[in-house]
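Where a number appears in this text, it was derived from the coordinates with a stated rule and is not lab data. Since this is a predicted model, take the numbers as computed values, not measurements. Neighbour counts run over all protein chains shown; Cβ positions are idealised from the backbone, glycine included.
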Amino acid sequence: METGLLHLHNLLRWVILVLLVLSVLQSYNGWKSNKTFSAGDKKIWLFTMISAHITLLLGLYQWTLGRFGLFTFVKPEGVSMMKDATLRFYQMEHPVTMILAIVLITLGYGMSKKSVSDVDKFKKAFRYFLVALVLILISIPWPFREIGRPLFPGM
């Protein structure tokens, strides 16, 4: 079960990345072209937020009960979490950065509910989504990193 949830968590990163790039482009386009905010804009932002929250739940499971989980992984005697790159990444850097990114995605979606001008909605949402995208890209365990995982699970 753990492997399946990890693979699902890895696959959902692509869904989030695609939806987040769409949200960034859509909000930038709406901001720069003074577009009227529509229900389609809100739906893309909602799907981005929902996929991020589902991935967050799977990630929280992995963080607490997964292979490097806080409650399941026993560090060898004398090993410091902060000195071990893999432990530091999976128990500290990745979860904290991703939670921050999901908070920003949620704030970006929240702009769709605010009663501000459409230009302000797009402008603020663009900033939230862009920072979230950068944070996510930084903290994904890409294959070229020391702690990397394959681009697609099982490969």
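Annotations
- Neighbours by Cβ (under 9 Å, 6+ apart or cross-chain): first from the range 64-88, more than 17 Å from LEU6 (Cβ to Cβ) and touching a residue at least 12 places away in the same chain (Cβ under 8 Å); second surrounded by 13 or more Cβ atoms within 10 Å (Cβ to Cβ) and charged (D, E, K, R): LYS75/ASP84
- Count - residues of the range 112-150 that are hydroxyl-bearing (Ser, Thr, Tyr) and either touching a strand residue (DSSP E or B) at 6+ places or on another chain (Cβ under 8 Å) or over 17 Å from GLN26 (Cα atoms) (or both): 2
- Looking only at the range 32-45, and only at residues there that are within 23 Å of the chain's Cα centre (by Cα) and surrounded by 15 or more Cβ atoms within 10 Å (Cβ to Cβ), the one that is nearest to SER139 (Cα to Cα): TRP45
- Residues in the range 132-155 that are crowded, with 17+ Cβ neighbours inside 10 Å and among the aliphatic types (A, V, I, L, M) were compared, and the one that is nearest to the chain's Cα centre (by Cα) is ILE136.
- Checked against the criterion of being of a type outside the set (D, E, K, R), closer than 30 Å to SER38 by Cβ and loosely packed, with under 13 Cβ neighbours inside 10 Å, the range 56-70 has at least one qualifying residue.
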